[in-house]
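Everything on this sheet refers to the single structure shown next.
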Amino acid sequence: MKYFVSFCVAIAIAFSISISCNKPAEYDFSQDSIRGLWGSVELYNEFGERAPSFNNVQIVAHISDTILNFSDGTTSVIDTIITTFTNNQGEWVLRSSPRGYYTIEMLKEGFGKNQIFQHHFDTTRADTLPVMYLAQQPQGSIRLDAVNVTNQILDISRTISFVGGRDYRLSTWYFFDTTAQVSNENYAYAYMAGAKNSNGLPSNSMTISKPLDNLRSAGIREEQTVYVRAYVDNYKYTRFLVDSAVWEYPNITGESNVLEFSMPILEIK
């Protein structure tokens, strides 16, 4: 009887181990030890407020890699596209993905897209990418009232207009160039001024001040005429690289008028 009980216990243990080994592994997004690319997305509405769910954001990975053909020593470029979607928490993962340079787009209808440009992945590790944001185009506009230069400081007076009497915030982008056609696609230097709260009022007027050093670093020379145009953006603003040199601003709106000023001579003391 003793041996029979021991035999039954052994069978039960073996059966238990067999079931445990064959049970599908539970997928835990909090762990990034599994090889692959891991990331997350957050969604924001037109007032800069977090959406209740971050699900169903399409993740499209464009992968490019150069392969060496050992038979003849030539190389060839392989392009691959992999797609997945986020869960309710905005989490996504690309497992068993090929090696290469990844340009990853985050897409959801009604939201401006975001993108990670040329991230290299070699398949031997787990890469956790930064949190990316998708936002809806804000409601509002901006007008430039005046620009003045005093003691190498640029003062820009502007008025932001809000809509609907709602309390929300808007960010502001300023673009500078040496042509009156300055815009978010044609500029030498871009400047983010930060968000301003409406406090339920229809507009807000103020003057911002900025040193001219960055304009000089962007190649604008002394005594050149400089033009500036502004746009409003979602409080949760985004911009991304289209390639190694071109930035895109997916949610800016409310294009302002253009004002000009003359770049002052820098006095060396």
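Where a number appears in this text, it was derived from the coordinates with a stated rule and is not lab data. Remember, predicted model here, so these are calculated numbers, not experimental data. So basically every Cβ, Gly included, is an ideal-geometry build from the backbone, and we count neighbours across all protein chains shown.
Each residue of the stretch 152-161 in order: what ³J(HN,Hα) in whole Hz does its phi give by Karplus 6.51 cos²θ - 1.76 cosθ + 1.60, θ = phi - 60°, with x for Gly and Pro?
Coupling constants for the stretch 152-161: 6, 10, 9, 10, 10, 9, 9, 10, 9, 10 Hz.
Return a whole-number percent for the relative contact order of the stretch 141-262, with Cα pairs under 8 Å and 6 or more residues apart as the contact set.
Details: 274 pairs, mean separation 40.2, N = 122.
Value for the stretch 141-262: 33 percent.
In the chain, how many lysine pairs have Cα atoms under 20 Å apart, counting only pairs 8 or more places apart or on different chains? Write down the numbers at each step before the final one.
Values: 108/236; 113/236; 196/210; 196/236.
Going through the chain pair by pair, I get 4.
How high is the relative contact order of the stretch 36-135? Use alpha-carbon pairs under 8 Å, at least six apart in sequence, and give a whole percent.
On the way: 233 pairs, mean separation 37.9, N = 100.
Computed value for the stretch 36-135: 38 percent relative contact order.
Students often check this: by mean Cβ neighbours within 10 Å, which of 211-217, 229-235 ranks highest, and how do the rest follow?
Values: 211-217: 14.4, 229-235: 25.4.
Most protected by this proxy first, the peptides run 229-235, 211-217.
Can you tell me the alpha carbon radius of gyration of the stretch 209-258 divided by the globular rule-of-thumb value 2.2 N^0.38 Å? Display every interim value, and only then the final one.
Working: Rg = 13.6 Å, N = 50, 2.2 N^0.38 = 9.7 Å.
Normalised Cα radius of gyration, the stretch 209-258: 1.40.
Could you work out the local net charge near residue 113, counting Lys and Arg as +1, Asp and Glu as -1, over the other residues with Cβ closer than 9 Å to its Cβ?
-1
Averaged over all directions, how much area does the convex hull of the C-alpha atoms of the stretch 179-246 cover when projected, in nm²? Write down the numbers at each step before the final one.
Details: hull surface 25.1 nm².
With every direction weighted equally, the projected area is 6.3 nm².
In degrees between 0 and 90, to the nearest 10, how far off the longest principal axis of the chain does helix 2-22 point, with axes built from Cα atoms?
30
Could you work out the relative contact order of the chain? I mean the mean sequence separation of Cα pairs under 8 Å and 6+ apart, divided by the number of residues, in percent. Mind dumping the intermediate values first?
Working: 617 pairs, mean separation 48.8, N = 269.
So the answer I get is 18 percent.
I want to verify a result. In a Gaussian network model of the chain, Cα cutoff 10 Å, which of these has the top mean-square fluctuation: 135, 193, 245?
245
State the three equivalent ellipsoid semi-axes of the stretch 36-135, derived from the C-alpha gyration tensor as the square roots of 5 times its eigenvalues, in descending order and whole Å. Walk me through the numbers before you get to the answer.
Numbers: eigenvalues 197, 32, 18 Å².
After scaling each eigenvalue by five and taking roots: 31, 13, 10 Å.
Report the rotationally averaged projected area of the stretch 141-262 based on its alpha-carbon convex hull, in square nanometres. Kindly include the intermediate steps, with their values, before the conclusion.
Details: hull surface 29.4 nm².
Here the figure is 7.3 nm², rounded to one decimal.
Over all distinct alpha-carbon pairs, what is the Kirkwood Rh of the chain in angstrom?
Values: mean 1/r = 0.0442 Å⁻¹.
By the Kirkwood definition, the hydrodynamic radius is 22.6 Å.
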